[in-house]
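Coordinate-derived values only; no laboratory data. Just so it is clear, the structure is predicted and the values come from calculations on it, not from any experiment. Cβ placement follows ideal geometry from the backbone for every residue including glycine, while neighbour counts extend to all protein chains displayed.
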Amino acid sequence: MAGRWMSCSWTAVVLALQFSVASGHRRKLQDGSTVPSLPADYSWDRLLDASFLFYEAQRSGKLPSSNRILWRGDSALQDKGPHDEDLSGGHFDSGGFLKELFPYGSTTATLAWGVLEFKEGFRKAGTYRTALDHLEWAAKFLIACHIDEDDYIASVGMHRYDDAYWGRPEVMQMHRPVYLSDVELKPSSDLLGSASAGLASVSLVFSKVNGTFAQECLLQAQTLYVMATGREGLYSAYGIEHNYASASYLDDLAHAAVWLYKATHAYEYLRDAHLFWARSHVADSNPSSIIVW
């Protein structure tokens with residue numbers, strides 16, 4: 001689980017740091033206690049900016065001129081889908097070079113949530129543009145992985161090849177197969193719901209920044225949601241070589257429905273979110289958790 005927790009824990013760091021930048025260095029807790037204040041010269045904005053370097057170091061594909069990781073260069077340019085689709089983008093997972101789509105969508109949604117919740121804080125810290133760049137990078141890969149009407153990329157790369165390689169991504173030559181989710185043969189509600197949530201959340205972030213891109217993200221999110229709900233099932237139930245198995249797809253569908261409701265205000269998404277939540281064991285076993293890894 002290291003890769004998934006690593007990606008999500010860094011997102012949590014960004015959220016926590018952003019709260020501090022937005023609301024000061026001392027926070028009163030529900031029990032009346034407060035978080036100890038830090039030195040007055042403690043630079044939260046620099047720490048927030050530095051946390052984004054993790055995402056920059058993990059980028060795959062042709063890097064932009066704004067790349068700040070001097071020891072990183074273009075990589076995985078030969079990552080292709082079954083019909084030569086360009087899958088060079090996205091981010092590598094954990095300390096290796098696999099690209100796992102299941103955790104990718106939910107991580108994207110969490111970062112987007114932070115930007116929506118603390119937009120002014122990001123601005124004050126000078127990291128708002130950086131956050132937008134990373135969300136756009138992630139969203140474009142989520143879109144690129146929808147390669148056909150019924151097909152979505154589940155992952156890029158193979159574990160045994162990746163684990164045996166200790167070199168740099170810029171010069172790797174190992175075979176990197178792709179694993180497909182075919183909704184007709186292999187329902188993948190967890191994978192597709194996660195991707196839908198990521199794209200719907202990004203559409204909200206970009207709604208007043210780049211309307212055309214926001215609309216593209218939203219349309220893709222809605223399409224993936226239809227695929228996810230049309231035939232329910234776990235993508236990890238089919239023996240696909242993957243890093244992250246899912247305990248349930250209902251949480252991912254509820255997550256996607258909530259973000260689509262926020263993006264469209266269409267009641268049917270809110271209704272679906274309630275229905276999926278009611279069906280999920282999470283509602284009874286752990287009300288404080290919505291994402292079941």
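Observations on the structure shown:
- Couplings 3J(HN,Hα) for the range 200-206, derived from phi with the Karplus relation 6.51 cos²θ - 1.76 cosθ + 1.60 (θ = phi - 60°), are 5, 5, 5, 4, 5, 4, 8 Hz, where x marks Gly and Pro.
- Cβ crowding within 10 Å, taken as a proxy for footprinting-reagent exposure, orders His91, His83 from fewest neighbours to most as His83, His91.
- Per-peptide average of other Cβ atoms within 10 Å, ordering 146-156, 174-184 highest first: 146-156, 174-184
- Cα-based shape type of the range 165-275, given that a ≥ b ≥ c are square roots of the gyration tensor eigenvalues and the cut on a/c is 1.5: oblate
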